[in-house]
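The values are calculated or read from the model by the stated rules, or taken from the named source; none is laboratory data. This structure is a prediction, so every number in the text was calculated from the model and none was measured. Please note: Cβ atoms are built from the backbone with ideal geometry, for glycine as well, and neighbour counts cover all protein chains shown.
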Amino acid sequence: MTEAAISKKKLAIIDGKSVFYRGYYAMPNLSTKDGTPTGGVFGFAAMALEVLRRLKPDYVCVAWDKPKTNIRKRLEMYPEYKAGRKPAPPDFYEQIPILHELLEAFGWPLYELDDYEADDIMGTLAVQAAKKDIDTMLVTSDMDMLQLVDPHIHVFALKKGLSNIELYSPKSFEAKYGIKATQFLDLKALKGDSSDNIPGVPGIGEKGATELLKQYETLDGVYDNLALVKDSLRKKLEAGKDLAYLSKKIAAIWTDAPLKLDLKELDVSNCEPQKIHEILLKLEFRSLARQLPEVMQVPVDEQTPVHLPSKLKVGKLTYVSDEAALAKQKAPATAVVHGFCAGKHGRNLQLLLVADETGATTVIETSKLSPAALQTWLQPIKQVIGYDVKATLKALIAIGVPLPAV
């Protein structure tokens, strides 16, 4: 690796609402002991911190969809854009002020604008960063961002649950889709996108659109060569031409948002470690407090006291949401354990955190596993330590998992 590559700066831009949604639905009804809903905040924080550990960015910010006004321009172009979407439950919105408090402690600015979606904000900043020779990672579950993939811009796509994350570079994109990333927008123009209610060409699916682009490269190339396309397909393309070009305009990431990249504002050193630590403990996210990256860690003599083993070190965090993934992890003989329950008084266990003496932690989504599989996995544990262990063990019993023979 060259010295230039080693010293190259990296920017992570998080699609705030997209990641928050993912965390909210991955951790349904998660709350603190006093009933404060926290599932969305936990999911967002866990995934964001995992990104920091993997990418080690120099700069971080969050893009957000401004309520009501972010899609005005696109609605003027196509009134049915994103029609039919249902609002999130009330406890989703209750958590947003908590998220804002955490982001402030992280030192990550949140950007939202009238007439521009979070995608557009991310694209605008990524393009500006590329001009400064800064590599950008777009963290999102929205696959629209793939149209921006290039040597400077990669997409960190969040899939199902909290543990499935897929990296897209120009090479990996082409390997998966069979076309270049520069053709992705034209692919959406042809096939449409039901999640955003973008019409595309009626009767053209992903397979047909991909074959057209392989042969004619661009949307313009397809329409310039209609005479060479077989009759049944040509008729669909002719009838849907206006919709294809309208879809392309709507689906495009607009990189002209009125926002200037301020690297000083985005610097990761702007975080407030003590404040982060206090907020995570207040939210009962003790596992995350132990897994903070170095830049966010509080010196031991400044930390709020927590009842944890003094020799526990910060290690790798692994999320498990199915039995196959659980089987790949090894339960330690001596384990620090902590459970998160959706209900009051230790009912409805959602997450079980199991850490070994090195600090390596397995986060298990218990609601997605059978009691038998979880019981089998826990058997090697001979000693259990941690904060409020009794409550966690009771929660395990409540879901039908007998205690390990400790």
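What residue, of 32, 38, is surrounded by fewer than 23 Cβ atoms within 10 Å (Cβ to Cβ), within 20 Å of residue 97 (Cβ to Cβ) and among the hydroxyl-bearing types (Ser, Thr, Tyr)?
Values: 38 fails: surrounded by fewer than 23 Cβ atoms within 10 Å (Cβ to Cβ).
Checking each option against the conditions leaves just 32.
May I ask you to list pairs of residues, at least six apart or on different chains, whose Cβ atoms are under 7 Å apart, with the first in the range 21-43 being without any contact (Cβ under 8 Å) to a residue 12 or more places away in the chain and the second being surrounded by 24 or more Cβ atoms within 10 Å (Cβ to Cβ)?
none
Within the range 348-379, can you find the residues that are farther than 20 Å from residue 317 by Cβ, assigned to a loop (DSSP other than H, G, I, E, B) and either modelled with pLDDT of 80 or more or out of contact with any Cys (no Cβ under 6 Å at 6 or more places or on another chain) (or both)?
Looking only at the range 348-379, we keep the residues that are farther than 20 Å from residue 317 by Cβ, and these are 348, 370-373, 375-376, 379.
Next cut, assigned to a loop (DSSP other than H, G, I, E, B) only: 348, 370, 379.
Matches in the range 348-379: 370, 379.
For the range 179-202, enumerate the residues that are touching a Gly at 6+ places or on another chain (Cβ under 8 Å) and surrounded by 14 or more Cβ atoms within 10 Å (Cβ to Cβ). Before you say what the answer is, go through the steps one by one.
Pass one, the range 179-202, residues touching a Gly at 6+ places or on another chain (Cβ under 8 Å): 188-193, 197-202.
Passing the criteria: 188, 189, 190, 191, 192, 193, 197, 198, 199, 200, 201.
Where residues in the range 149-167 are of a type in the set (D, E, K, R) and closer than 19 Å to residue 43 by Cβ, which of them is modelled with the highest pLDDT? If you could, list the steps in order and put the result at the bottom.
Narrowing the range 149-167 to residues of a type in the set (D, E, K, R): 150, 159-160, 166.
Going one step further and asking which of them are closer than 19 Å to residue 43 by Cβ, we end up with 159-160, 166.
Working: 159: 77, 160: 69, 166: 88.
Of everything passing the filter in the range 149-167, 166 is modelled with the highest pLDDT.
Limited to the range 348-358, what total is found for residues that are more than 14 Å from residue 329 (Cα to Cα) and not hydroxyl-bearing (Ser, Thr, Tyr)?
Going through the range 348-358, the residues more than 14 Å from residue 329 (Cα to Cα) turn out to be 348-351, 357-358.
Filter once more, keeping what is not hydroxyl-bearing (Ser, Thr, Tyr): 348-351, 357.
So the answer is 5.
Here is a list of conditions, (1) loosely packed, with under 14 Cβ neighbours inside 10 Å; (2) part of a helix (DSSP H, G or I); (3) among the small types (Gly, Ala, Ser), and residue 45 meets all of them except one; can you say which number that is?
Residue 45 satisfies all of (1) loosely packed, with under 14 Cβ neighbours inside 10 Å; (2) part of a helix (DSSP H, G or I); (3) among the small types (Gly, Ala, Ser) except (1).
Has the range 77-94 got any residue that is part of a helix (DSSP H, G or I), touching a Lys or Arg at 6+ places or on another chain (Cβ under 8 Å), farther than 25 Å from residue 273 by Cα and at pLDDT 90 or above? Steps first, answer last, please.
Initially, the range 77-94 is screened for residues part of a helix (DSSP H, G or I), giving 77, 90-94.
Checking which are touching a Lys or Arg at 6+ places or on another chain (Cβ under 8 Å) leaves us with 77.
After this cut, where a residue has to be farther than 25 Å from residue 273 by Cα as well, the list is 77.
Of the ones still in play, those that are also at pLDDT 90 or above are 77.
Yes - at least one qualifying residue is present in the range 77-94.
Only one of these is closer than 30 Å to residue 320 by Cβ and basic (Lys, Arg): 73, 68, 131, 159. Name it. Talk me through it step by step, then tell me what you get.
Values: 73 fails: closer than 30 Å to residue 320 by Cβ; 68 fails: closer than 30 Å to residue 320 by Cβ; 131 fails: closer than 30 Å to residue 320 by Cβ.
Of the residues listed, the single one that is closer than 30 Å to residue 320 by Cβ and basic (Lys, Arg) is 159.
Among (1) within 30 Å of residue 133 (Cα to Cα); (2) modelled with pLDDT of 80 or more; (3) surrounded by 15 or more Cβ atoms within 10 Å (Cβ to Cβ), there is one condition residue 297 misses while meeting the rest; what is its number?
(2)
Report whether or not residue 133 is in a loop (DSSP other than H, G, I, E, B) and assigned by TED's automatic domain parsing to the domain that holds residue 55.
Details: in a loop (DSSP other than H, G, I, E, B): yes; assigned by TED's automatic domain parsing to the domain that holds residue 55: yes.
Criteria met by residue 133.
Hey, could you check the range 55-89 for residues that are of a type in the set (Lys, Arg) and in contact with a Leu (Cβ under 9 Å, 6 or more places away or on another chain) and say which is surrounded by the fewest Cβ atoms within 10 Å (Cβ to Cβ)?
82
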